[in-house]
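In what follows, a structure is listed as structure tokens, so that the remarks can point back to it.
The values are calculated or read from the model by the stated rules, or taken from the named source; none is laboratory data. Every value quoted in this text rests on a predicted model; they were computed, and no experiment measured them. Positions of Cβ are generated from backbone atoms using ideal geometry, with glycine treated the same way; all protein chains shown enter the neighbour counts. What goes into the accessible areas is simple: the full protein's heavy atoms, side chains included, and nothing from ligands, DNA or RNA. Shrake-Rupley method; radii C 1.70, N 1.55, O 1.52, S 1.80 Å.
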Amino acid sequence: MATAVAPRMFKNFINGEWVESRSGKAYENRNPANTDELIGLFVSSNSEDVDAAVDAATEAYKTWRLVPAPKRAEILFRAAELLVQRKEDFSKDMTREMGKVLAETRGDVQEAIDMTYYMAGEGRRLFGQTTPSELPNKFAMSVRQSIGACGMITPWNFPMAIPSWKMMPALISGNTVVLKPAEDTPLSSYHLVQVLTEAGVPRGVVNLVSGDGPNAGAPLSQHKDVPVVSFTGSTAVGRIIAQACAPDFKHCSLEMGGKNIIIVMEDANLDLAVDGAVWGGFGTTGQRCTAASRVAVHKDVYKEFVDRLVDRVKSLKVGDGLDASTDMGPCINEQQLKTVMSYVEIGKNEGAKLLTGGNRLDGGMYAKGWFHAPTVFGDCSPKMRIAQEEIFGPVVSVIPIESLEHAVDVANGVPYGLSASIYTRNVNRAFQATRDLYTGIVYVNAPTIGAETHLPFGGTKQTGNGHREAAIAAIDFFTEWKTIYIDYSDKLQRAQIDNV
Ligand code: ADP
């Protein structure tokens, strides 16, 4: 299989050079569909590596912030073109290190391309406001200013898209970057950093340190010279990072867990709803923060919907994501597989009805990977743990509901608030649902996944801390407003006092 790189030792990228870790240690990155396949060795960074990367980013910031934004944009445009050229190789490498099927890794790289073009376009906008002053002969405006060296800590489920969501808005705004990618998927971040470097990003502007959370991520989030931290991952780690940021009042953006829902009303197009539930529940092996791990179905169509859903799920082909006939790949690692298996036991013990799946797949083609059968539980009550907690695997809990109001109560009755969806052909119900679902994203007649890069992405409650990624919202996070008043009256004018 052609890929962009052969297995080898991957180093940190600091101040424009590939360098060893001060720790002298490295770890293996293996294919979750076939653990015999070594993707590469990646250095295990420590706080000294993080210090060096932050020093480089802090120094580079002095000049990068002064490069005109349209010039920064030209570099991003070139990076986007390189990503287009290498999309197929990068997608294959991503399937090898992450496991999701090739169609989805192509989508992941495409998301990075879209984000890079979009943010490059912002180089000629980055609009502020001009507004009349309350005083004569006085001019008032606001402009965006960059902030400094930004720390970025990313997860493994979107190995190129998520780093691009953070890096591109940060860079176009004039900030510099230290990226700590997830342990399981560093290769895709290497590709992204390599492309940015070839496109002309100056030394020190983008830095990468690989390694684990406690040794590499924690020192980055705690570093006194990092005024901005952007994190995507679990709610438990997000809380640790928020606490690390609090003493210095760092800007801190957190994108965390979800327990997303598809609501199927009795007037829904059931074929469409089944398609949506299968894609939303089992796309990326259920390992998306927007995965539809709950499906709430109106009692009048419950049996018919569940029968059709189970038939479809039984026909899903699980296997190596590089095989074009595969519908669903493996779990990312052994730990994640064990988590899924433990939730299956929890569901059974809680009295949910196991309708299909429920077991690890092993032996034969599955012997060397972390595969789990796509699993559906029926007759779930909304308060069961499998209907409340994020599983991050191929497990869907189906909950019977009585009415739209009931469905909205169930939807909102979880600690998270990322994405929700309703299938109905009744426009009144659709609008009522979009108003009452307390989530960051709502879909009508589409599953809970499918975010586009020019719209805000994020969630409420324990999903986030009020910030949004993508779109102009990301520029808002990576810049600070500066309000400028220019008085050309040649006399002292006092706001609120001299204007009466
Ligand atoms: P996931 O469940 O997706 O693996 P995690 O929250 O465990 O999510 O990891 C997301 C990212 O956070 C990874 O890059 C991981 O290395 C990093 N991380 C884990 N623990 C910490 C920590 N204590 N401080 C900073 N980063 C961490």
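Working carefully through the options LEU126, LEU102, LEU82, find the one that is open to solvent by 10 Å² or more (accessible area, probe 1.4 Å) and either in the same structural domain as PHE392 (by TED's automatic domain parsing) or on the phi > 0 side of the Ramachandran plot (or both).
Numbers: LEU102 fails: either in the same structural domain as PHE392 (by TED's automatic domain parsing) or on the phi > 0 side of the Ramachandran plot (or both); LEU82 fails: either in the same structural domain as PHE392 (by TED's automatic domain parsing) or on the phi > 0 side of the Ramachandran plot (or both).
That would be LEU126, the only listed residue that is open to solvent by 10 Å² or more (accessible area, probe 1.4 Å) and either in the same structural domain as PHE392 (by TED's automatic domain parsing) or on the phi > 0 side of the Ramachandran plot (or both).
Please work out which residue is farthest from the ligand (Cβ to nearest atom), limiting yourself to region 315-341 and to residues that are of a type outside the set (Lys, Arg), open to solvent by 50 Å² or more (accessible area, probe 1.4 Å) and in a helix (DSSP H, G or I). Steps first, answer last, please.
So in region 315-341, the residues of a type outside the set (Lys, Arg) come out as 315-316, 318-337, 339-341.
Among the residues that remain, those that are also open to solvent by 50 Å² or more (accessible area, probe 1.4 Å) are: 315, 320, 323-325, 327, 334-335, 341.
Those still in the list that are in a helix (DSSP H, G or I) too: 334-335, 341.
Values: GLU334: 13, GLN335: 9, MET341: 16 Å.
Checked region 315-341; the qualifying residue farthest from the ligand (Cβ to nearest atom) is MET341.
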**Q.** Selected residue (only one of THR105, THR176, THR95 is under 20 Å from ASP49 (Cβ atoms), in contact with a Gly (Cβ under 8 Å, 6 or more places away or on another chain) and away from the ligand (no atom under 16 Å from the Cβ))
**A.** THR176
Q. Looking at (1) in the same structural domain as GLU81 (by TED's automatic domain parsing); (2) open to solvent by less than 10 Å² (accessible area, probe 1.4 Å); (3) touching a Ser or Thr at 6+ places or on another chain (Cβ under 9 Å), which is the one condition that is false for VAL193?
A. (3)
Q: Using the structure shown, decide if SER21 is of a type in the set (S, T, N, Q), surrounded by 17 or more Cβ atoms within 10 Å (Cβ to Cβ) and either not assigned by TED's automatic domain parsing to the domain that holds VAL229 or not in a helix (DSSP H, G or I) (or both).
A: yes
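Considering only residues that are more than 8 Å from the ligand (Cβ to nearest atom) and either open to solvent by 20 Å² or more (accessible area, probe 1.4 Å) or not polar (S, T, N, Q) (or both), which ones fall in region 203-225? Working first, answer last.
Step one: of region 203-225, the residues more than 8 Å from the ligand (Cβ to nearest atom) are 203-210, 215, 219, 222-225.
Selection gives ARG203, GLY204, VAL205, VAL206, LEU208, VAL209, ASN215, PRO219, GLN222, HIS223, LYS224, ASP225.
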Q | Boolean, ILE441 is at pLDDT 95 or above and in contact with a strand residue (DSSP E or B) (Cβ under 7 Å, 6 or more places away or on another chain) | A | yes
Q: State all residues of region 342-365 that are of a type in the set (Ser, Thr, Tyr) and either under 27 Å from the mean Cα position of the chain (by Cα) or within 16 Å of the ligand (Cβ to nearest atom) (or both); if no residue qualifies, say none.
A: SER342, TYR343
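Can you pull out every residue in region 226-242 that is of a type in the set (A, V, I, L, M, F, W, C) and within 8 Å of the ligand (Cβ to nearest atom)? Before the answer, list the steps.
First, the residues of region 226-242 that are of a type in the set (A, V, I, L, M, F, W, C): 226, 228-229, 231, 236-237, 240-242.
Listed by number, the residues that qualify are PHE231, ALA236, VAL237, ILE240, ILE241.
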**Q.** Where a residue in region 229-243 is over 16 Å from ILE391 (Cα atoms) and its partner, wherever it lies, is open to solvent by 10 Å² or more (accessible area, probe 1.4 Å) and basic (Lys, Arg), with Cβ under 8 Å and at least six apart
**A.** VAL229/LYS250
Q: For THR63, indicate whether it is among the hydroxyl-bearing types (Ser, Thr, Tyr), assigned to a helix (DSSP H, G or I) and over 27 Å from the mean Cα position of the chain (by Cα).
A: yes
Q | Only listed residue being aliphatic (A, V, I, L, M) and over 16 Å from ILE113 (Cα atoms), chosen from ILE75, ILE39 | A | ILE39
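List the helices (runs of 4 or more DSSP H) inside region 383-481, counting only whole elements, that have at least 3 residues being farther than 19 Å from ARG288 by Cβ and touching a Ser or Thr at 6+ places or on another chain (Cβ under 9 Å). Spell out the reasoning first.
Values: elements: 404-412, 427-436, 471-478.
Here the list reads 471-478.
Identify the residue in region 288-305 that is in a loop (DSSP other than H, G, I, E, B) and more than 16 Å from the ligand (Cβ to nearest atom) and, among all such residues, is least open to solvent (accessible area, probe 1.4 Å). Step through it out loud before you land on a result.
Just the residues of region 288-305 that are in a loop (DSSP other than H, G, I, E, B), to begin with: 288-293, 299-301.
Within this subset, residues satisfying the condition of being more than 16 Å from the ligand (Cβ to nearest atom) are 292, 299-301.
Numbers: ALA292: 0, LYS299: 104, ASP300: 108, VAL301: 16 Å².
Result: ALA292.
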Q | Top-ranked residue in region 252-287 [being within 16 Å of the ligand (Cβ to nearest atom) and among the polar types (S, T, N, Q); ranked as nearest to ALA470 (Cα to Cα)] | A | SER253
Q. So GLY200 clears everything in (1) on the phi < 0 side of the Ramachandran plot; (2) open to solvent by 10 Å² or more (accessible area, probe 1.4 Å) except one condition, right? Which one?
A. (1)
Q: Inspect all residues belonging to region 138-149 and state whether any of them is open to solvent by 10 Å² or more (accessible area, probe 1.4 Å), touching a residue at least 60 places away in the same chain (Cβ under 8 Å), under 21 Å from LYS250 (Cα atoms) and in a loop (DSSP other than H, G, I, E, B).
A: yes
